[in-house]
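Values quoted throughout were computed directly from the atomic coordinates according to the rules given, and no laboratory measurement underlies them. Since this is a predicted model, take the numbers as computed values, not measurements. We place every Cβ from the backbone using ideal geometry, glycine too, and count neighbours over all the protein chains shown.
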Amino acid sequence: MKTTALLSTAALTICLSLGLGGCKEDRLTVKQTGYRGLGMVQINETAALDAITARNQPPDPIDPVEKSGTPSSQVYQNVKVLGDLDSNELMRLMTAITQWVAPEQGCNYCHNPENLASDDLYTKVVARRMIQMTQHINADWTKHVDGVGVTCYTCHRGHPVPANLWFSNSVAEAHGFFGYSPDAKNHPGSLIGLASLQNDPFTKLLDYSQEIRVIGNTALPQEPERPSIKQTELTYGLMMHISKALGVNCTFCHNSRSFFAWDQSTPQRATAWYGIRMVRDLNHNFLEPLKASFPPERLGAGGDVPKINCATCHQGESKPLNGASMIKDFPELAVVGK
């Protein structure tokens, strides 16, 4: 009898050990981000976090060059951007852009090899405007990029077309079916964490400037300003997108005891506030005006241009490319050039 009891105890101990084997503390990376007892903590699976970090490495550096002393506009034809940059430094930047955007296609992805000054290829027209956009981000949106800045690689990661772009769902929404509303509610969308919400919060909130805040400032709702359920779903869809795009919890920006209160939020909330407005600015003033330049195959089903959201740059990290400084080696991308 005693032997049976001992065997049973041993078997139970082994089963518990096996069952709890997957609960090792080192499987999780935990960081407290605010006052204790409020859920202000960032939790990541260590293996997943390591994989994201490995995917977000900055590109290999490009060696500096000796200046020629001559502006590129005096050496090359049709230099509408970066004309004041030294001609040797322009070639260094072009080499870097090739590695950042089209390493397999090479210079001919944007340039006509028979006439480098030609604007025949739409990719050159778009690339020129994207250089201006990069300069604008680094020079005018410092409250979001915080001196670290961005380059073409931040979004492109070695591919001609960035992985995380979006188009309006206006065409798809017109073809609803049973259980799925025409406003795209209940259509599973990976960009909003597969939630049963409208899966295109971007058109109204990151393209148009519809109000995002839906939490009231009073105990009871006030008419007629009370947000609708539909508007609230858009807001929550956008928040879930931001959470996924940055690889963070809601409490990365918000205090769990009072989501709406700015004075109790983390500093990252202010950075995100500027980021949302930066994305709107870039979509409106840089990407949408390029519609006439894009060929039909680069446009969405509704004929709209590809646009950006938080995932375009961040790609699963709170700071793109592990927070590496992208403009220290290319200061020409941190000023609005001529």
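For the charge dipole of the chain, defined by +1 on Lys and Arg C-beta atoms and -1 on Asp and Glu C-beta atoms about the Cα centroid, which residue among MET278, TYR236, LEU333 has the Cα displaced farthest towards the positive pole?
TYR236
With everything on Cα atoms, drop me the angle between helix 267-282 and the longest principal axis of the chain, reported from 0 to 90° to the nearest 10.
Tilt relative to the chain: about 40 degrees.
Run the numbers for ALA51 and ARG277: contour at 0.36 nm per residue of separation, minus the present Cα-Cα distance, in nm. Let's see the in-between values first.
Details: separation 226, 0.36 × 226 = 81.36 nm, distance 2.99 nm.
In short, 78.4 nm is gained.
Tell me what the chain gives for mean residue ellipticity at 222 nm when only DSSP H runs of n ≥ 4 count, each as -39,500 (n - 2.57), the sum divided by the residue total, rounded to 500 deg cm²/dmol.
Values: 10 runs with 115 residues, N = 338.
Theoretical 222 nm ellipticity from helices: -10500 deg cm²/dmol.
Just to be sure I follow the definition: excluding the sites themselves, where is the longest run in the chain that has none of the chymotrypsin sites (Phe, Trp or Tyr not before Pro) in a DSSP loop with at most 10 other Cβ atoms within 10 Å?
Working: sites that count: PHE177, PHE178.
Result, exposed sites excluded: 1-176.
Relative to the longest principal axis of the chain, what angle (0 to 90°, nearest 10) does the C-alpha long axis of helix 122-140 take?
So the helix axis and the longest Cα principal axis differ by about 70 degrees.
Which one of ASN255, PRO296, TRP166 has its Cα pushed farthest toward the positive end of the charge dipole of the range 164-314, where Lys and Arg give +1 and Asp and Glu give -1 at the Cβ?
Highest projection toward the positive end goes to ASN255.
For the range 251-298, what class follows from the C-alpha gyration tensor (a ≥ b ≥ c being the square roots of its eigenvalues): rounded when a/c is under 1.5, otherwise prolate if a/b is larger than b/c, else oblate?
The shape class here is prolate.
Once you sort the root eigenvalues of the Cα gyration tensor of the range 95-140 as a ≥ b ≥ c, which label holds: rounded (a/c under 1.5), prolate (a/b larger than b/c) or oblate (the other case)?
Values: a/c = 2.89, a/b = 1.55, b/c = 1.87.
Because a/c hits 1.5 or more and a/b fails to exceed b/c, the range 95-140 counts as oblate.
With everything on Cα atoms, drop me the angle between helix 46-55 and the longest principal axis of the chain, reported from 0 to 90° to the nearest 10.
It is inclined by approximately 10 degrees.
Give the Kirkwood hydrodynamic radius (Å, one decimal) of the chain, defined as one over the mean of 1/r across all pairs of different Cα atoms. Please list the in-between numbers first.
Details: mean 1/r = 0.0432 Å⁻¹.
It is 23.1 Å.
Given points 7 Å out from each Cα along the Cα-Cβ axis, report the ASP84 to GLU104 separation in nanometres with one decimal.
Simple spin-label model gives 3.9 nm for this pair.
Note down the relative contact order for the chain as a percent, whole number, built from C-alpha pairs under 8 angstrom at least six residues apart. Each step should come with its number before you reach the end.
Numbers: 449 pairs, mean separation 77.8, N = 338.
It comes to 23 percent, rounded to a whole number.
Using a Gaussian network for the chain with springs between C-alpha atoms less than 10 Å apart, which of these wobbles most: ASN56, ASN199, ASN44?
ASN44
What trypsin sites (Lys or Arg not before Pro) does the range 235-319 have in DSSP loop regions with at most 11 other beta carbons within 10 Å? All intermediate terms of the calculation are to be shown ahead of the outcome.
Details: sites: LYS244, ARG257, ARG269, ARG277, ARG280, LYS291, ARG298, LYS307; in loops: ARG257, LYS291.
Counting only loop positions with at most 11 other Cβ atoms within 10 Å, none of the trypsin sites (Lys or Arg not before Pro) in the range 235-319 qualifies.
Which whole-number percentage describes the relative contact order of the range 164-314, with Cα contacts under 8 Å and a sequence gap of 6 or more? Provide the component values of the computation, followed by the final result.
Working: 177 pairs, mean separation 43.5, N = 151.
RCO, the range 164-314: 29 percent.
Can you give the FRET efficiency for ASP146 and ASP119, using 1/(1 + (r/R0)^6), R0 = 41 Å, r = Cβ-Cβ distance, to the nearest 0.05? Before the final figure, lay out each step's value.
Numbers: r = 35 Å, r/R0 = 0.84.
Rounded to the nearest 0.05, the efficiency is 0.75.
Could you give the length gained on full extension between GLN77 and VAL336, defined as 0.36 nm per residue of separation minus the Cα-Cα distance, in nm? Provide the component values of the computation, followed by the final result.
On the way: separation 259, 0.36 × 259 = 93.24 nm, distance 2.00 nm.
Working it through step by step, the gained length comes to 91.2 nm.
What's the magnitude of the charge dipole for the chain around its Cα centre, counting Lys and Arg as +1 and Asp and Glu as -1 at the beta-carbon? Answer in Debye, nearest 20.
Values: 30 positive and 32 negative charges, 199 e Å.
Rounded to the nearest 20 debye, it is 960 debye.
Using unit Cβ charges (K, R positive; D, E negative) and no other charged atoms, how large, in debye to the nearest 20, is the dipole of the range 245-296 about its Cα centre? Present the calculation step by step, with values, prior to reporting the outcome.
Details: 5 positive and 3 negative charges, 13 e Å.
Dipole magnitude for the range 245-296 comes out near 60 debye.
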